[in-house]
1. Where the only charges are on Cβ atoms (+1 Lys, Arg; -1 Asp, Glu), what is the dipole of the range 1-122 about its Cα centre, to the nearest 20 debye?
2. Add -39500 (n - 2.57) for each DSSP H run of 4 or more in the chain, then divide by its residues: what number comes out at 222 nm, to the nearest 500 deg cm²/dmol?
3. Ignoring any ligand, DNA or RNA, what whole percent of the accessible area of the chain comes from carbon and sulfur when the probe is 1.4 angstrom?
4. So which of 82/135; 41/142; 41/135 end up more than 19 Å apart by C-alpha?
5. Equivalent ellipsoid semi-axes for the range 22-62, as square roots of 5 times the alpha carbon gyration tensor eigenvalues: give them largest first, rounded to whole Å.
6. Starting from the Cα coordinates of the range 9-107, work out the convex hull volume and express it per residue in Å³.
7. Determine Rg/Rh for the range 54-166; Rg is computed over alpha-carbon atoms and Rh is the Kirkwood hydrodynamic estimate from the same atoms.
Amino acid sequence: ATGRRSDKDSRVFQLPDVSAGANVGFTFEGQIAKFFAFRLKARQEIAGGHGGTGLAASFGTIIRTGMVRVIPEIGTEWKSNKYMDAYYGVPASATAATGYAAYDPSGGFEDVAFRLTSFYDIDEQWQLIMRGEAKLMLKEAKNAPFVVQDGDSFQGLFGVGVLYTF
């Protein structure tokens with residue numbers, strides 16, 4: 001898991017460090033009746049970092065047209081108290097350095113995401129993958145002082161990749 005270091009010129013980076021850590025977990029993906037896709041993920045940090053737990057679930061529909069598959073889906077992530085506190089909390093000891101009010105979030109649903117993933121079959125083994133994602137932070141994450149004052153509760157992502165199947 002990635003961390004956060006207080007070495008950048010930003011009030012957020014004046015918050016306590018979160019070191020990188022090692023996680024164990026699983027991802028289970030599948031489809032139902034050729035038309036619906038689902039994904040379940042769980043992870044627990046076991047060394048370094050925040051020591052928190054995360055659970056994620058998403059559900060979508062599979063649209064096939066020739067060599068292209070498109071999967072629009074909706075998902076959410078739940079994070080433990082330790083995770084939320086490490087990434088969204090502002091301890092009283094950091095208020096002077098950051099200018100943010102103290103904030104102690106509890107565990108809960110971090111976000112809701114809308115994703116659009118497409119696969120283009122180059123041949124039987126190679127695929128081109130593209131994904132766009134829009135996330136909206138919820139409650140505890142959305143209300144963190146640095147999100148309210150300096151950030152945005154809307155998060156976006158776009159990625160492109162190549163997949164080889166053995």
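The values are calculated or read from the model by the stated rules, or taken from the named source; none is laboratory data. Quantities reported herein were computed from a predicted structural model and do not represent experimental measurements. Note: ideal-geometry Cβ built from the backbone for every residue, glycine included; neighbour counts use all protein chains shown. The area values use the complete protein model at the heavy-atom level, side chains included, leaving out ligands, DNA and RNA. Shrake-Rupley method; radii C 1.70, N 1.55, O 1.52, S 1.80 Å.
1. Values: 13 positive and 12 negative charges, 71 e Å.
Charge dipole of the range 1-122: 340 debye, to the nearest 20.
2. On the way: 4 runs with 22 residues, N = 166.
Using -39500 (n - 2.57) per qualifying helix, the result is -3000 deg cm²/dmol.
3. On the way: 6050 of 9890 Å².
Solvent-exposed carbon and sulfur of the chain make up 61 percent of the total.
4. On the way: 82/135 21 Å; 41/142 22 Å; 41/135 17 Å.
Where the Cα-Cα span goes over 19 Å, the pairs concerned are 82/135; 41/142.
5. On the way: eigenvalues 160, 13, 5 Å².
Each semi-axis is the square root of five times an eigenvalue, giving 28, 8, 5 Å.
6. Numbers: hull volume 14.0 nm³, N = 99.
For the range 9-107, the hull spanned by Cα atoms encloses 141 Å³ per residue.
7. On the way: Rg = 18.5 Å, Rh = 16.2 Å.
Over the Cα atoms of the range 54-166, Rg/Rh equals 1.14.
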